[in-house]
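Report on the following structure.
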Amino acid sequence: MKINIDERVERARNYFLEGYNCAQAVVMAFDDVMAMDVVALARLAAPFGGGMGRMREVCGTVSGMTMVAGAIAPSADPKNLEERKNNYALVQTFAESFRRENGDIVCRRLLGLEPIVERNETAMPSERTAEYYKKRPCVEYVACAARIVAEYLAANGR
């Protein structure tokens, strides 16, 4: 499988613009790498949108990259510390690349919602309107995360 970076970025963007959350959009763009269909990936990644259930913690795009890292550098055997180390190292590499480009990996800080005096976020996701897309840089974070993963895969012969 030869990775086309621009195609992966575009797929992730399109999924987000169709209404999938940030984590879903990133993960679904790598369905072949994940060896899962997009419906299953959408289900698995759904809770990570909005910085985990809209709590504005770790950006969903970073969570999406983390999930893809699990397929790239799997660590299924708890006794295999080398596999775990490789997996964690890849997660840290992805997160650091994202942080370097965007200044942070935490949703609320990326969206300028800090300091939060009072937590008034609800579980209700925002309706996707033209106004939403004007206010939120999330589609660019989705594209960035997809590009980071795709560049890694391309550089490593995938």
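Points worth noting:
- Test: residue in the range 39-48 that is charged (D, E, K, R) and in a loop (DSSP other than H, G, I, E, B): no
- When restricted to residues that are in contact (Cβ under 8 Å) with a residue 40 or more places away in the chain and farther than 21 Å from ASN156 by Cα, the range 16-49 contains 9.
- Only a single item in (1) farther than 24 Å from LEU153 by Cα; (2) touching a residue at least 12 places away in the same chain (Cβ under 8 Å) is not met by GLY112, and it is number (2).
- Count - residues of the range 22-38 that are among the small types (Gly, Ala, Ser) and either at pLDDT below 95 or in a helix (DSSP H, G or I) (or both): 2
- If you check ALA71, ALA145 for being free of Cβ contacts under 8 Å to residues at least 60 places away in the same chain and either part of a helix (DSSP H, G or I) or in contact with a Cys (Cβ under 9 Å, 6 or more places away or on another chain) (or both), only one passes: ALA71.
- Residue match in the range 8-27 (condition: surrounded by fewer than 23 Cβ atoms within 10 Å (Cβ to Cβ) and in contact with a strand residue (DSSP E or B) (Cβ under 7 Å, 6 or more places away or on another chain)): no
- Flag if ALA123 is under 29 Å from ILE5 (Cβ atoms), aliphatic (A, V, I, L, M) and loosely packed, with under 13 Cβ neighbours inside 10 Å: no
- The residues of the range 7-56 that are within 22 Å of GLU131 (Cβ to Cβ), in contact with a helix residue (DSSP H, G or I) (Cβ under 6 Å, 6 or more places away or on another chain) and among the aromatic types (Phe, Trp, Tyr), listed by number, are TYR15, PHE16.
- Selection status of VAL106, more than 20 Å from ALA35 (Cα to Cα) and surrounded by 13 or more Cβ atoms within 10 Å (Cβ to Cβ): yes
- Candidates GLU83, GLU101, GLU131 - the one that is of a type in the set (D, E, K, R) and surrounded by 14 or more Cβ atoms within 10 Å (Cβ to Cβ): GLU83
- For the range 53-77, a residue qualifies if it is of a type in the set (A, V, I, L, M, F, W, C), modelled with pLDDT under 95 and either buried (at least 16 other Cβ atoms within 10 Å of the Cβ) or on the phi > 0 side of the Ramachandran plot (or both), but none of them does.
- Restricting ALA130, ALA154, ALA95, ALA89 to residues that are without any contact (Cβ under 8 Å) to a residue 60 or more places away in the chain, of a type in the set (A, V, I, L, M) and over 19 Å from VAL58 (Cα atoms) narrows the list to ALA130.
The values are calculated or read from the model by the stated rules, or taken from the named source; none is laboratory data. Given the structure is predicted, the values throughout are model-derived calculations rather than measurements. Cβ: placed from backbone, ideal geometry, glycine included. Neighbour counts: every protein chain shown.
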